[in-house]
Structure formats: structure tokens, C-alpha cells
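First the structure, in the form of C-alpha cells, and then the observations on it.
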2 protein chains.
Amino acid sequence: MSGAKQILITGGTGFAGSHLAEYLLAKQPDMGVHLTSLGTEKERLPVTLHAAVLHKIDLTNFEQTKELFQEIQPTEIYHLAALAEVGSSFVQAAKITAVNMQLQLSVLTALQEVVPTARLLVVGSALEYGKVSLDELPITERQPFRPLNPYAVSKVAQDLLGYAFAESYGLQILRVRAFNHTGERQTTAFAIPSFAEQIVKIERGEQTEIRVGNLEAIRDILDVKDVVRAYEVVMQRGKVGEVYNIGSGVGVSMRSVLDLLIQHATTQITVTFDPDRLRPADIPELRADIRKITALGWQAEIPLQDTVQGILSFWRSQT
Amino acid sequence: MSGAKQILITGGTGFAGSHLAEYLLAKQPDMGVHLTSLGTEKERLPVTLHAAVLHKIDLTNFEQTKELFQEIQPTEIYHLAALAEVGSSFVQAAKITAVNMQLQLSVLTALQEVVPTARLLVVGSALEYGKVSLDELPITERQPFRPLNPYAVSKVAQDLLGYAFAESYGLQILRVRAFNHTGERQTTAFAIPSFAEQIVKIERGEQTEIRVGNLEAIRDILDVKDVVRAYEVVMQRGKVGEVYNIGSGVGVSMRSVLDLLIQHATTQITVTFDPDRLRPADIPELRADIRKITALGWQAEIPLQDTVQGILSFWRSQT
């Protein structure tokens, strides 16, 4: 083990985490890859992940986190773990924000105390930018934070805790802010997998029409497999303390994504509007300025058409 | 009670809170003024506060907070309560960030559910700006957040939760970011009261010299009584959703503040440097751009000389 890279992916069985693990294991099969998981995810893990070591751990528990770091001695930490948005009640908002702050402090303090020379990637979100007006596009990393809900505020806090620990303790922390990404294994809480699942049900005769909400929003959408490649590029070549937008740089309307999905359906698809899903689009368009990540030598490689076909294939394979 | 202003000051027995309560009670003695307090502060409250109603409550408890709002039906809420910085261990950092997020969510959700037309002032800090370079001075409200410790991150989170609730629910939320302020009743955890207390001890023959740390830092210092007047101006005339720096607009070196204190001492003062207090100044100078608050008709009125004399008198009155 000595001298070799030891990679730790927190939230390694989540959507992006599992894709990242697959990518790193395929790239260098002899690397030590460790994943943490709270153990509450639906089990939809690819078989290739069996080559990684899985640690069931609650990262809000600092002593457990420290022990894990002592045991693994990670040299590169991809820190993807976070509680995702689950609702807007006080209880839910309080839980999300408390867990996301606590696990961030726990992981960063373990980094500082146990492996202060390791590199750590803090994964943020375009939701940190929140409300953006059209004249502010494309969104650079200097865009002010205008988060629109407690989850987004908790992502800002995670991001800035990464900054504070890098700056105050000289730690090797890098930060990214990922724009929308999609792909196989993403849950139907997100629009594109929800569309795909419904189309597959129509193909199977289990549903007659696809119900959709507002399709006017324009988003910057990447394939998750391009996103995790970007994480690896930032880990290897990013500048410590800096933050990098991860996006395509292109705005795509949700309507055109739906049209692409429908083009690849094996049967006729009828679209109807579901008033329950018609939330007003707070933000008409999100589009990343990607000059910083592009300067590191990364670029998106997977056309949206291929992503959409991959997602449809994934849902067709589900029983 | 109907139709009349009902004022609630959270953290109303704290340093700024007690000065704000004194100011509002003196200005309009017939107003209903309610204070919340966790009940753990040192009892150094001015007697004038007896005209206000004191509520001992833990604002992280949402049900208690909601009941208080239902009982008082506040029309103006000055939300000053927050856990202050107490150290940098994981346990301390986790507690500060958790409490500050939780009480912010609790107060904002109670506003939304119980008194959605009330005005609420969110009190932030210049520490949110954190690391500022000299070419970024004076600091406008558009300065990026570069907080240097978990407490400062928790203040950013409180600030942005205020933004998110204003924007998402149309609430009447105003925000301020206060630069350094000082005055009577501030604890000796802060430099200026610490200097003053030591000078008074020397005057009494209880101490032979004053021990100080780094004096090179330049700060934007206001009298707390000017600060609470600014809070009231923002409450009355501020624009909902906006944020206002509260500062003097002038940079003063800590050395010159110490010199002012020494000039007003009744005996000869010897200054020695205490290596334990010599933390490097992360930030050489903080100075606020105060055009926004000035445009509301507020300006600082108390010369630093008077502030310093008031603080010395306060410590001389303590036994």
C-alpha cells in the first residue's frame, strides 16, 4: 500500500459517486478505491463496483470518520456525500442543513488532523448561484450566491467551509460547482429520468401518456460520465483553493430534451401537462462559463443524444 | 395592542441587543418591546431594560419559537440571536454552525407561518467577507464571501437563508452586515474592552502593564449605539431583500485605538507585547463602503474618542 494512491469517494454509492468509482476503477484497475455509503441508497450499483472497498459509515460522526481516514490513509478524497433536497418543511430543512454542515466539518477536520497532505475535492452545485438574471449569463465562478432554498444554502456552506479550511490550514482542497447532470441510475426525482421512466412505461403499455411540468427552463446539462471525468481532471490538475464550474457551456431547453427522448421511443408518445408539476421557473436559464475547467484540458465528450439513449436503455433494463 | 407596533429583539440581552432595546425604549417609551434571551448571558443589563418584556427561550426549538410569535404577534423583528465564536475544535465548530443554522431556519419559518407581513432584520457580519485584499477596499455589499472559519461560514449561511426566504416566499426581510463595533458591556473577548479593562486594573494598582497582541490591523470601528441606530433606519426605510453594510467607512489601526485609551487613563500605562496574543493578522485592513446605508439617511455620530471614554467609564464602574 505504501506510496500508492489510495482513493476515497464519499457518497460512493450515490448517483455521481458510483459513476466516478466505475471510471476510476476502469482507468487504473490496480488502484485502491474506497467508497463510503450511509447504506440507505436503493441498490442499483453496477457490478464493476465490487472491485472497490465499501465502508458503511455516517460521516456526521467525527470519530468514525477519523478512524476511517486513519485506516485507509487516503491520498485523494472525492467528497461527494451530502443529503439531497427532500422537502421544504422546517424539520426537513433543519435536517438537511445540519447534516450537510456537520459532515463537511467532520470530513475537513479529519483531513486536517489525519492526512493533511492529501488532496480533497469539495463538490458544490449550480444551485448555489440560485437566482441568475439573463444578463449575468454565462455564469462565472465569481457570480454572487443567491440560493433559493435551505438545501442550496447548505451547499454554499459546504463550499465555503472548503475555502476556509484551505485558506486557514493550508490544506490541498479543490472545489467544483456542478451544473445539471444526468445519466443511468439517476432517480426519477429529477426531470429527465422521470421522462424516460414514463416513456418506457408507455412502451410497455403500462401508461398511456407522459405527464410533464414547465418545459421552458433552459439548463446546462452534462452526462454524468463527463462530469466525473471533470472531477478527476480537477483532482489531478486543479489549483489548490480554486473553484471550477463543471458544465457544458451550452443552454438546452427542457422541451428539446423531452423531444430527443420521444424521438428515441419505440412507440408514439402523447405529452400532457400536469398542473401539479407546473412550478414557476424561478430561473429561466442556467449556463456555465467553463473557461476555467476547459483551461485544465477537459471538455465534454458525450452528445446529449447518446446520454438520452443511455437513460432510456437503463429504464428498459429495469423490471 | 391592536394596530400598535410590537417589536421583538432576539438575543435582546446580548451586547448589541441590549443597546438596541435601550435605544428603542428611549425613542418611543409606549412601544411594546419584547426581548428573547437564552438566559445564559452574564447579567450586566441596564436598568432601563425593565420596561421591556423578557422571554427566556431557545430559538433552535421551532415549536417554542412559533408559540412566541403567536403570542406576541410582532410587527418588527430585530433578529440578533446567534452563537458567537467560541473556539476551533470540531465539537465547537459543529455546535456553532448547527445552532446558527437551526435558529435561523426556526425564526424565518415562524415568520413565514405566523406573521408573514412583519418586517425582519437579519444581522450579519463583516466576517462573512473574510479575506479581503487591499485593492478590494472599501468593501461593497457585492464583495465575494471568503470566510476564514466555521463561525464566519455560519454567518454567511444565516445571511443567505434570509435572502432565500425573502426571495422564495415574498417575506419582508432586510439584511445588514455589521463591521466592528464596540461600547459599554462588550466582553473582554474583544480587543478594545480587553485593553480598557486592563487599563482600569492598572489605574487601581491591580496590574502593572497592559499586554497586547498584534496592533497593525486596520479596522472599521463604530460605536454600538451608532450601529443600533443604523439597524432601526434599515428596519424603517431599508428596501426588502437588500443588504446593507454598517460601518464608519474609515479605517483605524488598533494601535491608534490603544493610544486613545491610554490618553484617557488616569495613570501612566506601560504596554508590552504578549506572544500568546500575537496571532497573524489574516486581513490587514477592513473598511466598509457605506454608500447604501448612507443613502437611507444614516450617518455615524459618535466620535471614537467618546466611545473609548464610555468604555473606560464602564470598566471603572465595575467592581
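Every number here is computed from the coordinates shown, using simple stated rules; none is lab data. Predicted model only: the values in this text are computed from it and were never measured. Cβ coordinates were reconstructed from backbone atoms using ideal geometry, including for glycine residues, and neighbour counts include every protein chain displayed.
Across peptide A:137-148, the average count of Cβ atoms from other chains found within 10 Å of a residue's Cβ is 3. Cross-link partners of A:Lys155 among aspartates and glutamates, defined as those whose alpha carbon lies under 17 angstrom from its own and excluding same-chain residues fewer than eight positions apart: A:Glu85, A:Glu128, A:Glu141, A:Glu242, B:Glu128, B:Asp159. Charging the Cβ of each Asp and Glu at -1 and of each Lys and Arg at +1, and nothing else, the dipole of the protein assembly as shown about its Cα centre rounds to 180 debye.
Each of B:Gly162, B:Leu148, B:Val114 was scored by the projection of its Cα onto the charge dipole of segment B:79-166, and the greatest displacement toward the positive side belongs to B:Val114; charges sit on the C-beta of Lys, Arg, Asp and Glu.
Ordering B:Phe15, B:Ser37, B:Pro74 by the projection of their Cα atoms onto the charge dipole of segment B:1-98, which places +1 on the Cβ of Lys and Arg and -1 on the Cβ of Asp and Glu, puts B:Phe15 at the extreme positive end. What separates the A:Phe190 label point from its copies, with the point 7 Å along Cα to Cβ, is 4.7 nm, written shortest first.
Note on B:162-172: average number of Cβ atoms from other chains within 10 Å of each residue's Cβ is 4. 3J(HN,Hα) along segment B:65-82: 5, 4, 4, 4, 5, 5, 6, 7, 6, x, 9, 9, 10, 9, 9, 9, 5, 6 Hz, from the Karplus curve 6.51 cos²θ - 1.76 cosθ + 1.60 with θ = phi - 60°, whole Hz, x for Gly and Pro.
Mind running the shape call on chain B? Use the C-alpha gyration tensor, a ≥ b ≥ c as the square roots of the eigenvalues: rounded below 1.5 for a/c, prolate if a/b tops b/c, oblate otherwise. It comes out prolate by the Cα gyration axes. Seen through its C-alpha gyration tensor, with square-root eigenvalues sorted a ≥ b ≥ c, the protein assembly as shown comes out prolate because a/c lies at 1.5 or above while a/b is bigger than b/c.
The amide H of B:Ser125, built 1.01 Å from its N in the peptide plane, has B:Ala178 as neighbours under 5 Å, considering only residues 5 or more places off or on other chains. Close amide H contacts of B:His34 (hydrogens built in the peptide plane, cut-off under 5 Å, sequence separation of 5 or more or a different chain): B:Ile7, B:Leu8, B:Ile9, B:Val53.
If you take all other residues with their beta carbon under 13 Å from the beta carbon of A:Gln104, and give Lys and Arg +1 and Asp and Glu -1, the sum is +1. Plainly put, the tip 7 Å out from Cα toward Cβ on A:Gln299 is 5.8 nm from that tip on each other copy, the closest given first. Oblate is the label for segment B:241-292. Its Cα gyration tensor axes, ordered a ≥ b ≥ c, give a/c of at least 1.5 and b/c at or above a/b. If you plug the beta carbon distance of A:Ser313 and B:Gln263 into 1/(1 + (r/R0)^6) with R0 = 56 Å, you get a FRET efficiency near 0.10.
Taking chain A as a Gaussian network of alpha-carbon nodes connected by springs under 10 Å, the highest mean-square fluctuation of the residues A:Phe145, A:Phe190, A:Phe69 belongs to A:Phe190.
Sequence-distant contacts, meaning Cα pairs under 8 Å at least 6 residues apart, place the relative contact order of chain B at 17 percent. Each residue of segment B:226-241 was assigned a 3J(HN,Hα) from its phi angle through the Karplus curve 6.51 cos²θ - 1.76 cosθ + 1.60 (θ = phi - 60°); the sequence is 5, 5, 6, 5, 5, 4, 5, 4, 5, 4, 7, 10, x, 8, 4, x Hz, with glycine and proline shown as x. For A:Glu285, the residues whose modelled amide H falls within less than 5 Å of its own, excluding neighbours fewer than 5 places apart on the same chain, are A:Ile218. Neighbouring Cβ atoms from other chains, within 10 Å of the Cβ of residues in A:97-106, number 6 on average. In this structure, the pairs whose alpha-carbon distance is over 26 Å, taken from A:Lys5/A:Lys225; A:Lys27/A:Lys239; B:Lys225/B:Lys292; B:Lys95/B:Lys201, are B:Lys95/B:Lys201.
Rounded to whole numbers, the Karplus 3J(HN,Hα) couplings from phi for segment B:14-28 are x, 4, 5, x, 5, 5, 5, 4, 4, 5, 5, 5, 6, 6, 9 Hz, using 6.51 cos²θ - 1.76 cosθ + 1.60 with θ = phi - 60°, and x at Gly and Pro. Each copy carries A:Ser313; placing its label point 7 Å along the C-beta direction from Cα gives inter-copy distances of 8.1 nm, listed from smallest up. Would you tally the net charge around B:Leu127, using a Cβ to Cβ cut-off of less than 14 Å, leaving B:Leu127 out, and scoring K and R as +1, D and E as -1? In short, -1.
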